[in-house]
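A.B. asks: A single structure is presented below for examination.
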Amino acid sequence: MNINPNQHITEFLNYYCSLPTAPQYAIMLKGKWGSGKTHFINEYKNVLKENNKKYIYVSLYGVTSYDEIETKFLEVLHPKLYNKKTILAGKIAKGLLKTTLKIDLDDDGKSDGTIRSEAPNLNTGDLLNTKDYILIFDDLERCSIDINDLLGYINYFVEHQEYKVILLANDEKFKSEEYKDIKEKLIGKTFEVISNTELAYDSFIKEIKENNLFIDYKDTIIKIYIQSGYNNLRVFRQVILDFDRFNQSINLNNFKKELVKNFVTEYFIFAIENRFQSYTISKFEKSNKDDKSSLEAYINGNDTVPDKENIYSQFIKKYNSFLFEPYILSFKTWSDILNSSIIEKKNIMETFHKSKYSFDKNTLSWIKLQNFTSIKDEGFKILLSDVELNIKKNNYTNLDDILNISTLLLELQENKLYAIEKEELLNLIYQNIDYIFEQNHLTEDDFSFEKTLSRKNNYDKDVYTYYQKKENVFHKETMQSDAIQILKYLKEKDNRKVYTLLSFSNTERNYKDKEILSIINIQQLIDILVLNETNSAYFFGNILNDRYTNYIYNNNLIHEMSFLKELEQEIEKEYKKRIGEVSGYNLKTYFLKSSLPKAINDLQADIRNKEKNEIHKKTN
């Protein structure tokens, strides 16, 4: 049974947050980086929600000014309204917050509650009603504002505005006497958060869709983490997510439990040690043969740890309960995985297949067949027949599986181990690819940059060309649908979804480098911009203002030039109809005077540069 070492902190915070009157002091949760403070407060935020308590959580990591802090407040309170690309900037956020919180930041003894004239016409009382909110400030030690000034700023909330405030910091970073004096005045209680590995682990694996492997090997993984002695939950979480990425590519469930257990052990030991630069892969690789022989002798039955204090003997002492046979993967492969995030699927699979571990009864025939050189003739025929039957029935519904199967079968056909004409085999493969696209057995991950690059380099040219054509058709159809969705989101004022699709976000489904605007219905767009008040016009204007600033993508957006020029012409016509009206003023301000001329100039400049480069290539 897991005992929560931080239960007393939770109980005190419950008491503190439920006080009917202002306590006039803040709570400090301290601990080293990675000790679990943020994880603890994330769990406690769920407790606050369950108790119908409102809170604002702000990470101060990298923050350089009070404007940024107050802007973060606004992001939390109104995520749909506030966006860095849209309506509110830091100084406006500051004005709005001063109006509500009445903080005297100018130290003139007067409340700074006046919004500047350029602020939008918003009802600030409704917009920033922060009454009864609990303020949570994380990462104090990583804020760029002087800690003494920062605590003085926070003290306004506690002492003058009667807010309940929770602070999270590694306060070992703060040494000055002035800090100690301010802390004594501001902070009423200080608690040290103790890592709760098991609860943290359970929380981490909730982020993972297919987490059965993490459940099966939970005890092993946690034991390795504890035995490492590093006590850093942030790094532990990163290693867990990296392992999930590896498993998505390789799918260890296809292999025998004996291999999986040993591999999980190796992975977490090497990954954790490599993160902290203690027993790194490069150190192991550079060690001499005597060191390795010493380790292997110990593994193979020598009762004593080698006398020589080399890397291997130190390693054995640290992980004496996790001794395993010489490593499943080579040092180079481990270095690729852990240092370069390169997963050479084909090589790793071959290494697994050639290991002493045999497949279990649930392993698919095509996976067993990849190790065909070690299979007896009769077994080979049975496996090949089963793969052929499944491909004829379109039973392979994973895109990577069918592409890997195509490589395998073409290799067998070329070496006369599969009696079938190449054209007939390719048609079978194409048929299965068609089925996957027609039935939409696809995920966003199927079209990630990493996978696209891997497919281009690793698969048969004919198969890759066919697959790419199917993908292009699929993307075109998806783009048509998303173009309609963009108009829908603009109409509904769901600016975040529009931004995700059009701007420089890291999501898989994104058109920052694809010409989706060239298929947008311009008249429908203008109707929305006119009828949907200031918000959509200002927001979409900013999208255009930023979209063509990255020359890397502009070569792929050249055909949007006709869209921009037509949009400019149509907005000019619409503006002339609406001179003297607010809607006309907004069209002129947000498009004709600013975003459209800039967008056209940005894209035109890159078109000219491209033409110059092409001329230069021809002349040389």
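A.B. asks: Among the numbered criteria (1) crowded, with 20+ Cβ neighbours inside 10 Å; (2) outside the structural domain of ILE224 (by TED's automatic domain parsing), which one does LYS183 miss?
C.D. replies: (1)
A.B. asks: Residue pairs, Cβ under 9 Å, 6 or more apart or interchain, first in region 41-65 and at positive phi, second in a loop (DSSP other than H, G, I, E, B) and buried (at least 17 other Cβ atoms within 10 Å of the Cβ). List them.
C.D. replies: GLY62/ASP139; GLY62/CYS143
A.B. asks: Among the numbered criteria (1) closer than 23 Å to LEU13 by Cβ; (2) out of contact with any strand residue (DSSP E or B) (no Cβ under 7 Å at 6 or more places or on another chain); (3) of a type in the set (Gly, Ala, Ser), which single criterion is violated by ALA169?
C.D. replies: (2) is the only condition that ALA169 fails.
A.B. asks: Look through ALA22, ALA89, ALA26 and report the one residue that is at pLDDT 75 or above, surrounded by fewer than 18 Cβ atoms within 10 Å (Cβ to Cβ) and of a type in the set (A, V, I, L, M). Explain how you work it out, then say what you get.
C.D. replies: Working: ALA89 fails: at pLDDT 75 or above; ALA26 fails: surrounded by fewer than 18 Cβ atoms within 10 Å (Cβ to Cβ).
Within the list ALA22, ALA89, ALA26, the selection yields ALA22.
A.B. asks: Okay, next question. Filter region 463-504 down to the residues that are outside any helix (DSSP H, G or I) and out of contact with any Ser or Thr (no Cβ under 7 Å at 6 or more places or on another chain) and list them by number.
C.D. replies: Our first condition is that a residue be outside any helix (DSSP H, G or I); within region 463-504, this holds for 492-494, 503-504.
GLU492, ASP494, SER503, PHE504, listed by residue number.
A.B. asks: Another one. Does LEU233 count as modelled with pLDDT under 85 and aliphatic (A, V, I, L, M)? Write out each step before concluding.
C.D. replies: Details: modelled with pLDDT under 85: yes; aliphatic (A, V, I, L, M): yes.
Criteria met by LEU233.
A.B. asks: Among the residues of region 204-217, how many are in contact with an Asp or Glu (Cβ under 8 Å, 6 or more places away or on another chain) and more than 16 Å from ASP242 (Cα to Cα)?
C.D. replies: 0
A.B. asks: Restricting the search to region 50-86, which residues are farther than 23 Å from ILE543 by Cα, of a type in the set (Ser, Thr, Tyr) and either at pLDDT below 65 or outside any loop (DSSP other than H, G, I, E, B) (or both)?
C.D. replies: Those that are farther than 23 Å from ILE543 by Cα, of a type in the set (Ser, Thr, Tyr) and either at pLDDT below 65 or outside any loop (DSSP other than H, G, I, E, B) (or both): TYR55, TYR57, SER59, TYR66.
A.B. asks: Follow-up question, since we're still on this one. Output the number of residues of region 196-210 satisfying the condition of being among the polar types (S, T, N, Q) and either more than 17 Å from THR38 (Cβ to Cβ) or part of a helix (DSSP H, G or I) (or both). Please lay out each step first, then the result.
C.D. replies: Keep residues of region 196-210 that are among the polar types (S, T, N, Q), which gives 196-197, 203.
Still in the running and either more than 17 Å from THR38 (Cβ to Cβ) or part of a helix (DSSP H, G or I) (or both): 197, 203.
The number of residues fulfilling the criteria is 2.
A.B. asks: When both residues are 6+ apart or on different chains and their Cβ atoms are under 6 Å apart, which pairs have a first residue that lies in region 368-381 and is more than 24 Å from ASN253 (Cβ to Cβ), and a second that is modelled with pLDDT of 90 or more?
C.D. replies: If the second residue must be modelled with pLDDT of 90 or more, no pairs are left.
A.B. asks: Hey, which of the helices (runs of 4 or more DSSP H) in region 352-456, taking only ones fully inside, have at least 2 residues that are modelled with pLDDT of 90 or more and of a type in the set (Lys, Arg)?
C.D. replies: Details: elements: 365-369, 377-392, 399-414, 422-438.
The qualifying helices (runs of 4 or more DSSP H) are 377-392.
A.B. asks: To continue, here is another question. Among the candidates ASN170, ASN212, ASN155, single out the residue that is polar (S, T, N, Q) and under 24 Å from the mean Cα position of the chain (by Cα). Can you show your working first?
C.D. replies: Details: ASN170 fails: under 24 Å from the mean Cα position of the chain (by Cα); ASN155 fails: under 24 Å from the mean Cα position of the chain (by Cα).
Exactly one residue qualifies, and that residue is ASN212.
A.B. asks: For region 533-547, indicate whether the set of residues that are over 16 Å from ILE520 (Cα atoms), more than 31 Å from the chain's Cα centre (by Cα) and either modelled with pLDDT of 90 or more or surrounded by 15 or more Cβ atoms within 10 Å (Cβ to Cβ) (or both) is non-empty.
C.D. replies: Filtering region 533-547 down to residues over 16 Å from ILE520 (Cα atoms) leaves 533-535, 538-539, 542, 545-546.
With more than 31 Å from the chain's Cα centre (by Cα) added as a condition, the list becomes 533-534.
Filter once more, keeping what is either modelled with pLDDT of 90 or more or surrounded by 15 or more Cβ atoms within 10 Å (Cβ to Cβ) (or both): 534.
Looking for residues that are over 16 Å from ILE520 (Cα atoms), more than 31 Å from the chain's Cα centre (by Cα) and either modelled with pLDDT of 90 or more or surrounded by 15 or more Cβ atoms within 10 Å (Cβ to Cβ) (or both), one finds at least one in region 533-547, hence yes.
The values are calculated or read from the model by the stated rules, or taken from the named source; none is laboratory data. Note that the structure is predicted; figures quoted are calculated from it, not measured. Heads up, the Cβs are rebuilt from the backbone with ideal geometry, glycines too, and the neighbour counts pull from every protein chain shown.
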